[in-house]
Each structure stands twice: as structure tokens, then as C-alpha cells.
């Protein structure tokens, strides 16, 4: 239960960070072209890796939890939103870096 609560807190913290970054960047009106600068390109790559991990984790959750039992289900159910928010954080951070001209 402690692990689950830790992931829930971390997810909420990521959401606050995303909101802060989004408030400091112009509204998104066009399709996003990735890799405005080297730093944002690296963040885009990190986001892609996290999205891939999210897909694998979702698969493991669906395939393994029913087989292994429900003991891990609450933790896995808290990890998935965290991983999803983490990819959104990398997206928001890359947009912020581009808006600030950080290379």
C-alpha cells in the first residue's frame, strides 16, 4: 500500500509540474514538430522510451496480474498513470525548452 501511495503522490507532483510548464509556454495551435533544439530532441527521445515502457507495462498488467494473483494489482494500477504522466512531463518540458530557446 505504501508503494501505491508513493506513486499516487509522484503522479500528482508530475501533474503540478506539467501545469507549471504549460502555463509558461504559448498555447499549442499547430502540429508539434519534434526536436527544435538538441535538448528538446533528447527529451522527445526520452518520451518515446517512456511511451514504449508504458505499452509494455500495460501488457504485463493485463497478462500477468490475473495469472500471478491480485497482490500486485494496486501497485501496477498506480504505476500506469505515473508512467503516462511522465511521458506528458517530457513533452511539456520539451515544449518549454523550445519556447525558452534552450539548446
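Before moving on, here are some points about what is shown:
- For residue 22 and residue 2, the difference between the fully extended length at 0.36 nm per residue and the C-alpha to C-alpha distance is 4.2 nm.
- Inter-site label distance for residue 60 and residue 29 at 7 Å from Cα along Cβ, in nm: 4.3 nm
Just so you know, all these numbers are worked out from the coordinates, no wet-lab data involved. As the structure is a prediction and not an experimental result, all values here were calculated from the model. Quick reminder, even Gly has a Cβ in these numbers, built from the backbone with ideal geometry, and neighbours come from all protein chains shown.
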